[in-house]
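The values are calculated or read from the model by the stated rules, or taken from the named source; none is laboratory data. Not measured: the values here are computed from a predicted model. Positions of Cβ are generated from backbone atoms using ideal geometry, with glycine treated the same way; all protein chains shown enter the neighbour counts.
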Amino acid sequence: MVLGVVVVTFLLLRLIPGDPARMVLGPHAPESAVAALRRQLGLNLPIWRQFWAYLYALAHGNLGTSIYYKAPVASLIAPRLALTGSLVLVATFFAIVITVPLAAFAATRQDRPGDHAVRLFSLMGLGMPKFWLGIIMIIFFSLDLHWFPVGGYGTTLWQHLYSLVLPGLCAAFAIVPVLIRSLRVGMLEVLGADYVATARAKGLRPSRVTFVHVARNALVPTVTLLGINIAYLIGGTVVIERVFALNGLGDLMLSSIGVNDFPVVQGVTLVYALGVIVVILITDLVTARLDPRIRLK
């Protein structure tokens, strides 16, 4: 999978109009200077030689040097990786905190007003573009109520977490509707099981029956779906970081695409691909842990 991402990214970037050397030197630079920089960067070589040089460097742990920033790509990615990773974790936390209570509320009130309200909420969430929702959040919570900063990441740990509340909620709302619908359906199927009726007959509290006996057994398909959506969320943070002025990997990627900085875009894409693979692996392990029937032999 990683090799496929590397190949596709490398080839697609070469189709983007524009000359990286011209981008660096500016539109008024003489052709001789542009040609010299192209030779220095190896852009005058055939595509297959450029690709082989990139694979050779990658195999030795070298992501290359940025054309625009003139710094090692790894040194540009490292300080931004923590921010993007924190944003994904915060968004995942909010998604779980919102999904489980709402899905349980809807499932225990099937076809009643509460169930219809939750389903309407999830349906509306599916149609909200993330960039639009982020702008609305900034206008209401930051400019009108002054509860959260408009953008930025702060300098202390508390400021970091505080500044990620709105972006995290915005990112979470991109996946919450799908998760609510999935968990609600799963809980409705489990609610009719015999062991749930037995738990109720024993006099267990309704909340214990719902969250211990029903939710856990309905979580397996939702956890799989959560893992897929977290993988989607990793790439989806690109737009959210730009809306909330967060200097993460997404912002670095968009800036690098604008100046045709091939090495940086390739490096960030590779990090995203590795993140997706790790999330999918963790999802498989958690699913096997929740359901003994599918544990790996």
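Checking every residue in region 148-164 against the condition of being without any contact (Cβ under 8 Å) to a residue 60 or more places away in the chain, in contact with a His (Cβ under 6 Å, 6 or more places away or on another chain) and of a type outside the set (Phe, Trp, Tyr) gives at least one match. For region 102-125, how many residues are surrounded by 13 or more Cβ atoms within 10 Å (Cβ to Cβ) and under 23 Å from Ala171 (Cα atoms)? Number satisfying all stated conditions: 11.
Yes/no per residue for (1) assigned by TED's automatic domain parsing to the domain that holds Ala107; (2) β-branched (Val, Ile, Thr); (3) at pLDDT 75 or above:
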| site | (1), (2), (3) |
| --- | --- |
| Cys170 | yes, no, yes |
| Pro177 | yes, no, yes |
| His213 | yes, no, no |
| Leu219 | yes, no, no |
| Gly236 | yes, no, yes |
| Val239 | yes, yes, yes |
| Leu252 | yes, no, yes |
| Ser256 | yes, no, yes |
